[in-house]
1. Convex hull over the Cα atoms of region B:65-182, averaged projected area in nm²?
2. Taking the number of other C-beta atoms within 10 Å as the exposure measure, put A:Glu196, A:Glu213, A:Glu52 in order starting with the fewest.
3. Pick out which of B:Glu271, B:Glu283, B:Glu156 has the largest mean-square fluctuation in a Gaussian network model of chain B, springs linking Cα atoms closer than 10 Å.
4. Based on the Cβ-Cβ distance of A:Arg241 and A:Arg119, what FRET efficiency does E = 1/(1 + (r/R0)^6) give at R0 = 60 Å, to the nearest 0.05?
5. Go from 0 up to the bin containing the longest alpha carbon distance in region B:96-135, width 10 Å each, and give me the % of pairs per bin.
6. For the protein assembly as shown, what is the charge dipole size about the Cα centre, in debye to the nearest 20, if Lys and Arg each add +1 at the Cβ and Asp and Glu each add -1 at the Cβ?
7. Shape call for region A:102-156 from the C-alpha gyration tensor, a ≥ b ≥ c root eigenvalues: rounded (a/c under 1.5), prolate (a/b greater than b/c) or oblate?
8. At 0.36 nm per residue, minus the direct Cα-Cα distance, what do B:Leu113 and B:Met1 gain on full extension? Give it in nm, one decimal, please.
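Every number in this text was worked out from the coordinates using simple rules, so none of it is lab data. As the structure is a computational prediction, the values presented were derived from the model and not from experiment. No Cβ is skipped: glycine too gets one built from the backbone with ideal geometry, and neighbour counts run over all protein chains shown.
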Amino acid sequence: MMNPQMEMENLVLGTALELVDGESCFVGIGVPSLAAMLAKQTHAPNLVLIYESGAIDANPPIPPLSTGSPSVTADTAMIGDCLDVFGDLQAGRIDVGLLSAAQVDRHGNLNSTVIGDYRKPKLRMVGSGGAHDIASLAKRVVIAMPHDPRRFVAAVDFITSPGFLAGGGERGRCTPRGGPHAVITGRGRFMFAGEELQLERSFYPFSPAQAVEGFGWNLPIHPGAFCFNGFDESARSLARRTGFNAGA
Amino acid sequence: MSKLLTLDDTIRRYVPDGALIFIGGFGHCVPFAAGHELIRQGRKRLTLCRTGTDILFDQLIAAGCVAKVIFGYLGNPGVGISHSFRRAVDAGSIEVEEWTNFTLLLRLHAARLGVPFLPSRALLAGDVPKASADARKITCPFTGESLSAIPALSPEVALIHAQRADEDGNVQLWGIDGDTREGALASRVVVATVEEIVSREVIRATPERTIVPAHRTVAVCKVPGGAHPSYVQGYYTRDDEHFILYDRISRNVNELAAYLDRHVRHVAGREAYLNSLDPGVLERIGLAGRVGATVPQDAPNPLETR
């Protein structure tokens, strides 16, 4: 029996490892925030966390519910406004954007708007928020998703936040910058080969086959894919101790 | 001339049925008291706009006040979707115009600057511009690049909550501003509820905290606790548990109607609202003792005591 607690920890740990010390990182709420906080407390103490509410170089003591929460401002270097942080983002000064969504597809497009048809949706969700802007304008985008076959689909119902669109260079013809770099789940790390999602490694105890189990298309596994068992145990216990697994 | 008014007079005078309203507060200083007054007075056919909304939008939709929403994000932050919005979309009873947080911010900024549009590098791809946001492709006359033209949006009235103001209407807000200042200054007039009224001298000793100057403000209302369940930096903290509870309540229309009766429709004003909350809440968020009390002007500066 697989351990859901371990899967959640893997998701946060794997996402945190995508962040490089000294980078500026535009952070969303939920797993992105947990991962950025963990990275800052472990291998990337100089990571600059930026929240869309205007907090710059934040260091939240507890996971915030809102980007405008007291936790976001509790130990931050600057409270600007939305124009300050989105301005920096558009100007190409943010290294990495961390996003999650309801759906992701084979080309890294994200949906947080509707399930079903836009005019007659099965489920109306929250919309873009800053996600479209981050996906369009960050130099590189990392996507954190729980391993859930309902969330991994061949084509999202609605492209809220552009990945590689339909592939074949379409993104580059529409918007020149950035694009999705990696997708992290609790079971593995996926990268893009020819603008198409491909499993690069699985996370212990999951095999590569288990990392793509149940997805809505035949997701390719890189020939060199392996099972990674190298997460830092002290980072894992920090994640566990500080409740990083809660609520996400 | 004093702009001090009661909240019910202010809403009656400045927010007619059918108005396009900017609602302030990016997680911080959300004007719940002003929103609840709209519900009590039974406003209809309103258009609400802001970038990242809070559950106040859900409540106004549930109460039947809203014909249209213009937003970047509409939900219960960090908790889930807006159930009342979902039901309204299912019923086809609400007009939806959605942007992204950045591009809606640019709409307000354009209005603030008095220009018909601003260029942006967002909304060049994906379904948001195809399905809803009326951004137009333009070619930069200097570089030849493709850009989005983001049209200005000028609300008729902005409802904002802040820490304090003087009776002239100089409004001071510190902590998270988000898009509050942009939305307020993009609007034709500004209505502010505040935790406390202070003297002109206090304002003029700290002018860097003023986000809306008196000549843009038409009314100021003293409403301590006016941002609960959101928070006011230096005054009280965010009631996260209320947002989680609200998610459960708002899934069910009958439970939500009972909530709105108990906390909004059947309370006379903000003090009664705060007294309608469960025991212990005001202590937990640091609001106990402030209700109905006047904070002396020589009290410690909240910036230093946060």
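1. With every direction weighted equally, the projected area is 10.2 nm².
2. Working: A:Glu196 17, A:Glu213 13, A:Glu52 31.
If I rank by nearby Cβ atoms, fewest first, I get A:Glu213, A:Glu196, A:Glu52.
3. The residue that fluctuates most here is B:Glu283.
4. 0.80
5. Bin by bin from 0 Å, the calculated values are 31, 56, 13.
6. 1060
7. Judged from the Cα gyration tensor, region A:102-156 comes out oblate (a/c at least 1.5, b/c at or above a/b).
8. 37.6 nm
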